[in-house]
Every structure is written in structure tokens, then in C-alpha cells.
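S.K.: Encoded as C-alpha cells, here's the structure I'll be asking about.
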Amino acid sequence: MNTGILRAEGVCKSYGKKQVLHDLDLTIEPGKIYGLIGRNGAGKTTLLGILTGQNTMNAGSVTYGGAPVWENQAALDDICFSRELSPTILFGQNNTKVKDYLRSAACFLPHWDKEYAERLVREFHLEGKKRICQLSKGQMSMVTIVLALASMAPLTILDEPAAGLDVVARERLYQLILEDYARTNRTFLISTHIIEEAAGVFERVIILDEGHILENCPTEDLVSQFAYVSGHQEAVDRACQGVTVLQSQHMGRHLTCAVRGDMDRLARQAESEDVDVAPMNLQKVFVALCGHDDLQGGGGLV
């Protein structure tokens, strides 16, 4: 499945006096699974709305395949933005049935796979005649997942698809995404707060912090730059020379630091010191980069 490059350049967005996105540049290349992570209020949903032509911007441009996304039906036909349902605004009423919602979605998504949608509805045990307003939060999430996957859109964007799902359903969600990706090579961009479970799915990760993109790189390459170093304070200080200390925590004379830098160099320095070096997962990397020393009253590790 071929898709164009989605590119944002110099995007700025403000709500009143509050600037949410700051001169943001982002490129989404075809045939990859991206993860978008950030703290509440970082601007993730605003960014996704702008990328898909559902929200305006104060400055900048967004193009797909070189053409503007805004009011460009050819570009929008290739993009599906699946987000949390709000029953009170669905088609101006709150009694839309699941089957009617999906039938309407098929009218706006030209790549729609009806058989795939029906199979997913059966797998998720969704009742077509049930009204959206009667669904649990988890069932609403399942409807958004059906829409995203069955859209067969070359660029498929999911905003918090795992919200309300139990651990078994979340595991199946990511399995379905990987199966679909292997079959179609379509592009996925997934925004989520449940980082640890989704990390294994993300080929590339985008970290958004206070309206700025901190990282946009292969997940494994990013994680490989981080580690925890722990031991006697003086030994840790010596071992951490030449790497960047992002967070630290003291317990008496014992010190644990979250660091970023040349891991080969760190390993060589640690060999001569009585310190432990442990890898960090994506969730810990995110906390180290975006914690801003406010998670435990200043400087604490989580």
C-alpha cells in the first residue's frame, strides 16, 4: 500500500494567549509505525487535528504528498483520524447506533473494508443495534479501533485507542495493528499514554513536550542512549563523567542517576568503578526527558 509523506513545517497554534505548538516541524514517512507520546497538555491531540485538516493553525504548513492537507479531498481520502468518541456530538445527537456509525464512516472513507469491519465487530462482541451512548468506555474504544483498521487508509492515526481497554484487549489491539501492518505496510501514527505496552509496536517514537518535538527517531536507537547508574555517590559521579545526568536520587551515600550518552564509554568507565549500570525502557526514558523534576518534588526518579 503506497502513501505520501505527511510533513508539517513551522506549525504554530495558540488558544487565546496560550501557545500550544511552537514552530513545530515533523515528517511522517510511509510504511512505518510511529508512536506519539507526551504528557497531558503537551499538544498531542491538537497536533493530530492539524495534521489531518480538522483543526486550524496560526502559522506553518501541512502537506501530504507535497499538496496541502487543508480542504484537499484527495489528501484527506488517504488519511483516517480515529479518536475518542463523544456521543453527545455524534451527528448532532446522542442515540446513534453502532452499525449506523460504521455505515456512515464507510461513506467518508473510500478505502473502507466492509468485511474486515464486520469481522472486527464480531471479534469485539459489539452489538450493532446498541446506541453509542449506551456503550462503556472500553466498547467506545473498540468502535474507534474498528473504524481505524477497517478504514484501510494508507495513513491511519489513532488517538488513545487503548483508553478503557483491559490488558487482554490492549494486547489484542497491538497484535491486530502488527498483523495489519505486515499485510498492508500502511502507515500508523498512534498516540498513547500507556507507553510500556505499546513500545514494542513503535518502529519510531515522537516525543512531544510543551509544544516542542524533543525526539523523532527509531525507538531502539533512542532507548539505547539511556541507562541507570547506581552505587556509592563518588563512584557514580566518576562513572558518569562524559554523559548527561538527567535525573538523580540520593539515599544516604547511595546515588542513582538516569543518564544519556555514549553507552560504550559509560560501560568502560563503570568497569573501573563499583557501580551498576541498568538499561531503561521507553517509559523510563520518557519520564527522564519530560519529568521536569516535578514527579517527586524535584530531581526524583520514578
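S.K.: Are any residues in the stretch 201-254 more than 30 Å from Leu189 (Cβ to Cβ), out of contact with any strand residue (DSSP E or B) (no Cβ under 6 Å at 6 or more places or on another chain) and part of a strand (DSSP E or B), and if so, which ones?
M.R.: Of everything in the stretch 201-254, those that are more than 30 Å from Leu189 (Cβ to Cβ), out of contact with any strand residue (DSSP E or B) (no Cβ under 6 Å at 6 or more places or on another chain) and part of a strand (DSSP E or B) turn out to be His232, His250, Met251, His254.
S.K.: Any idea which of Ala182, Ala198, Ala163 is in contact with a helix residue (DSSP H, G or I) (Cβ under 7 Å, 6 or more places away or on another chain), closer than 23 Å to Gly31 by Cβ and either buried (at least 19 other Cβ atoms within 10 Å of the Cβ) or of a type outside the set (Lys, Arg) (or both)?
M.R.: Ala198
S.K.: Filter the stretch 41-55 for residues that are hydroxyl-bearing (Ser, Thr, Tyr) and in contact (Cβ under 8 Å) with a residue 40 or more places away in the chain; which is farthest from Glu84 (Cα to Cα)?
M.R.: If we take residues in the stretch 41-55 being hydroxyl-bearing (Ser, Thr, Tyr) and in contact (Cβ under 8 Å) with a residue 40 or more places away in the chain, then Thr52 is farthest from Glu84 (Cα to Cα).
S.K.: Tally the residues that are within 27 Å of the chain's Cα centre (by Cα) and loosely packed, with under 12 Cβ neighbours inside 10 Å, restricting the search to the stretch 234-271.
M.R.: Residues flagged as within 27 Å of the chain's Cα centre (by Cα) and loosely packed, with under 12 Cβ neighbours inside 10 Å within the stretch 234-271 amount to 0.
S.K.: Within the stretch 215-254, can you find the residues that are more than 13 Å from Val277 (Cβ to Cβ) and of a type in the set (A, V, I, L, M, F, W, C)?
M.R.: The answer is Cys217, Leu222, Val223, Val245, Leu246, Met251.
S.K.: With Leu165, Leu178, Leu147 as the choices, which residue is hydrophobic (A, V, I, L, M, F, W, C), assigned by TED's automatic domain parsing to the domain that holds Asp100 and under 21 Å from Cys107 (Cβ atoms)?
M.R.: Being hydrophobic (A, V, I, L, M, F, W, C), assigned by TED's automatic domain parsing to the domain that holds Asp100 and under 21 Å from Cys107 (Cβ atoms) holds for just one of Leu165, Leu178, Leu147, which is Leu147.
S.K.: Same structure again: For the stretch 36-43, indicate whether the set of residues that are touching a strand residue (DSSP E or B) at 6+ places or on another chain (Cβ under 8 Å) and assigned to a strand (DSSP E or B) is non-empty.
M.R.: Yes: the stretch 36-43 contains one or more residues that are touching a strand residue (DSSP E or B) at 6+ places or on another chain (Cβ under 8 Å) and assigned to a strand (DSSP E or B).
S.K.: Across the stretch 272-297, what is the number of residues that are crowded, with 18+ Cβ neighbours inside 10 Å, modelled with pLDDT of 90 or more and part of a loop (DSSP other than H, G, I, E, B)?
M.R.: Final tally of qualifying residues: 1.
S.K.: Also, quick follow-up: Can you confirm whether Leu135 is touching a residue at least 12 places away in the same chain (Cβ under 8 Å), under 20 Å from Leu165 (Cβ atoms) and not β-branched (Val, Ile, Thr)?
M.R.: yes
S.K.: Kindly check whether there is at least one residue in the stretch 137-152 that is farther than 27 Å from Gly31 by Cα, small (Gly, Ala, Ser) and within 18 Å of the chain's Cα centre (by Cα).
M.R.: No, every residue in the stretch 137-152 fails to be farther than 27 Å from Gly31 by Cα, small (Gly, Ala, Ser) and within 18 Å of the chain's Cα centre (by Cα).
S.K.: If the Cβ limit is 6 Å and pairs must be 6+ apart or interchain, which residue in the stretch 21-40 that is at positive phi pairs with which residue that is among the small types (Gly, Ala, Ser)?
M.R.: Asp23/Gly10
S.K.: Which members of the stretch 1-11 meet the condition of being at pLDDT 95 or above and surrounded by 16 or more Cβ atoms within 10 Å (Cβ to Cβ)?
M.R.: Hits for the stretch 1-11 are Leu6, Arg7, Ala8, Val11.
S.K.: If you don't mind, another one. Looking at (1) in contact with a strand residue (DSSP E or B) (Cβ under 8 Å, 6 or more places away or on another chain); (2) loosely packed, with under 14 Cβ neighbours inside 10 Å, find the lone condition where Glu71 falls short.
M.R.: For Glu71, the failing item is (1).
The values are calculated or read from the model by the stated rules, or taken from the named source; none is laboratory data. All values reported here derive from a predicted model rather than from experimental measurement. Positions of Cβ are generated from backbone atoms using ideal geometry, with glycine treated the same way; all protein chains shown enter the neighbour counts.
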